[in-house]
Structure formats: structure tokens, C-alpha cells
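Engineer: Mind having a look at this structure? Questions to follow.
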Amino acid sequence: MKRILSGIQPTNRLHLGNYLGAMRNWVKLQNEPGAECLYMIADLHAITVPQDPESLTRSTRETAAAYIAAGIDPSRSIIFVQSAVPAHSQLMWLLATMAQLGKLERMTQFKDKAGKNAERAGLGLFAYPVLMAADILVYQATHVPVGEDQKQHLELAREIAATFNTRYKTDFLIQPEPVITGPAPRVMSLRDGTQKMSKSAESDMTRINLTDDADAIAQKIRKAKTDAEPLPESEKGLENRPEAKNLVTIYAALADISRQDVLNDFAGKQFSEFKPALSDLAVSQIAPIAARMQELMTDVSEIDALLANANDRANNYAIPVLSEVERIMGIWK
Ligand code: TYM
């Protein structure tokens, strides 16, 4: 029996990296027989960097709409809000007593986000991976589908679970398996093939948002950075061509074929021929998601009702696990 847990922060807009690196795999896992799926909107993680309160509330609903529009079925998967399940924060404190500072300091995401002035970074940003461990362990999740950038955080979650089990001579906390699969675990920026596509990049031209319409998608792909060479015959020919590799990867992921299959069709062709084909493919997959999201956002009361119901279900999973951890630790009840 698989129990799947994952989440996305409701910050700005979701992009193609979130979709191909995470959400598409979530849909696949949801459709596996015997898998129980919990997909969270990670609002407590979002506030580790300053957020505009109104935008945060809107983005929380919009993220729920994006999950549904991308194919997560709320009658089969639990789509819930992290902050609505207090056991996450409560377990986080208990786990914080077992998380080593040295390890947290080595987290590359912390180093990136804190920048040069780590002294001024908030405690929340530093403790981000501990909350993430709590998110996962509080459901005894067995599998966590994420993009490649989350691998280090998942290793830490496994270590924290192991430390707890050793210290309290138990096997109660389950070490989750990362699921980092599919052709695009790391989608890169459209303007720089060495940088990850991200919500926080300043220029909107670096990413395709799930809310972009057909014109915006076509324009971003037309303007995407490339090199002057035609497409190669084999994957080896993509080495040292980060932008070309990224566009071929995106094509492969959207079409659900391998990179080599894409090259079989486009070897020797120029980007002037490849880009319109990629653009058509991206529009055909992303534009319906944007349209469905917009439709869902016209009646937020429906989304709110759905979330309220799912939050209750998530609490029913999380509360007994938290209680058992407390009992094991000897906390008076
Ligand atoms: P977030 O919102 O930064 O990213 C959400 C998911 O999208 C993936 N992702 C990408 N995949 C491929 N290419 C990219 N350019 C790209 N950018 C983002 C991320 O790997 C992630 O899977 N900390 C998590 C949210 C979270 C979480 C959890 C996940 C909080 N608690 C517990 C799993 C389990 C995050 O990175 O969100």
C-alpha cells in the first residue's frame, strides 16, 4: 500500500516546472490502484519569505484550482491546506529537537534563498526542511513525488525519521521514498539553460505559467534562448547545449516520449522549425489547464467547500500519528 504526500507553495503562479516535475507525476500516482494520495497547498512554507496577505489567500485557492485543472481528482485524492492541519506545526517542533544545525546549514535551498546575508534570514526559512519532514512523517507517507530540487530535503526527512526511531527504539516513523521520475525532473529557465525555471525569477519570459494563454506561451517559446546549431541526432549531441537540451526535454515530457524519440523526429532541423512544433504542443496541453482554472476560480465557494472537507480528512490522518509520537516521547496526555 502506497501513501503519497506532496505539495506546492502557493506563491505567485505555478509554472511548467511545477507541472512537469511534480503535478503530472501526482496524477499518474493517483491513478495507480491502491495508492492513497494527499496533495497539499504549502502555505506555511510560502510565508518563509514575505508574502502579500491578499495574494497569499488568492494563490491558495488558485493552487487548489490548478491541482484540479491538472487532473487531480478531489474525490480520489485529498487536496488540503497545510495550515489547516495544526499537527504539521506541532510535529515540526518535536522533530526540530532532532534536526542538526550543521545539516540545516548545508541545505542548498536555504543558501540560495538566504543569499549573502544569512545572518538576517528568518528562522522559518532555516527550519523549512524540518516542517517539510513533519508534513511527510505526520501521514506516515511512503512515497513523495517531487522535482529534483527537493531531493536534499527528502534525504533530511529520512534522516530525521531514522534519528527518532533510533532514539526512541521504535520503527513508528516511516522513511519516505523520494519519487523523482519522468523526463523532466528539472525544467530550466527559457532564457538561461543553466538556471532552474522558478517562480521567483524576475522576468516572466523565463517561465511558462499554467495561467498563460496561447499567445503568451507562443511568444515565450519564440523568444526562448537557443544556439545556432540544428538539433542533433542523439542525446549525446545535446551535451553542453543547455538551452537546446531543455527545449527537447520539455517537448519529450509534454508528449510523454523520450528525448531520443524527439530527436528522431527533429534531427538536423533548425529551431525555427522546432519551436513552432513545441509551441503547438505546449499550448495544446497548458491552455486547457488555464481555461479550467479560470472556470474554477469563478466560484471560490466551491473550492472552499472542497478544501474544508479535505482538511477534515487530512486532520483525521494526522492527529493520531502526532498523538502516537507524543506518547512515544513521553509527553503527558
Ligand atoms: P515548490 O512550490 O517550490 O515546488 C513545488 C514542486 O515543483 C517542483 N519544481 C520543479 N520541478 C522541475 N523543474 C523545475 N524547474 C521545478 N521547480 C519546482 C519541486 O521540486 C516541487 O516538487 N518544499 C516544496 C513544497 C513542500 C513539499 C512538502 C513537497 C512542502 N512540504 C512535503 C513534498 C513534501 C517545494 O519545493 O515547493
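The values are calculated or read from the model by the stated rules, or taken from the named source; none is laboratory data. Since this is a predicted model, take the numbers as computed values, not measurements. Quick reminder, even Gly has a Cβ in these numbers, built from the backbone with ideal geometry, and neighbours come from all protein chains shown.
Engineer: Kindly indicate whether LEU322 is within 20 Å of ALA70 (Cβ to Cβ) and surrounded by 13 or more Cβ atoms within 10 Å (Cβ to Cβ). Don't jump to the end; show me each part of the working.
Structural biologist: On the way: within 20 Å of ALA70 (Cβ to Cβ): no; surrounded by 13 or more Cβ atoms within 10 Å (Cβ to Cβ): yes.
So LEU322 does not fit the description; no.
Engineer: Considering TYR139, TYR128, which residue is within 8 Å of the ligand (Cβ to nearest atom), among the aromatic types (Phe, Trp, Tyr), assigned by TED's automatic domain parsing to the domain that holds ASN25 and in contact with a helix residue (DSSP H, G or I) (Cβ under 8 Å, 6 or more places away or on another chain)? Quick ask: steps written out before the conclusion?
Structural biologist: Values: TYR139 fails: within 8 Å of the ligand (Cβ to nearest atom).
Matching residue, one of TYR139, TYR128: TYR128.
Engineer: Moving on. Answer with yes or no whether ALA46 is surrounded by 21 or more Cβ atoms within 10 Å (Cβ to Cβ), near the ligand (Cβ under 10 Å from one of its atoms) and over 16 Å from VAL144 (Cβ atoms).
Structural biologist: Working: surrounded by 21 or more Cβ atoms within 10 Å (Cβ to Cβ): yes; near the ligand (Cβ under 10 Å from one of its atoms): yes; over 16 Å from VAL144 (Cβ atoms): yes.
Yes: the conditions hold for ALA46.
Engineer: What's the number of the condition THR108 fails, among (1) within 18 Å of ALA46 (Cβ to Cβ); (2) surrounded by fewer than 18 Cβ atoms within 10 Å (Cβ to Cβ); (3) polar (S, T, N, Q)?
Structural biologist: (1)
Engineer: I'd like to check which helices (runs of 4 or more DSSP H) are fully inside the stretch 1-93 and have at least 2 residues that are modelled with pLDDT of 95 or more and more than 17 Å from GLY182 (Cα to Cα). Before you say what the answer is, go through the steps one by one.
Structural biologist: Values: elements: 24-30, 43-46, 53-69.
The helices (runs of 4 or more DSSP H) meeting that bar are 43-46, 53-69.
Engineer: Something else: Quickly run through the stretch 14-43 and pick out the residues that are within 11 Å of the ligand (Cβ to nearest atom) and not hydrophobic (A, V, I, L, M, F, W, C).
Structural biologist: Just the residues of the stretch 14-43 that are within 11 Å of the ligand (Cβ to nearest atom), to begin with: 14-26, 38-43.
The answer is HIS15, GLY17, ASN18, TYR19, GLY21, ARG24, ASN25, TYR39, ASP43.
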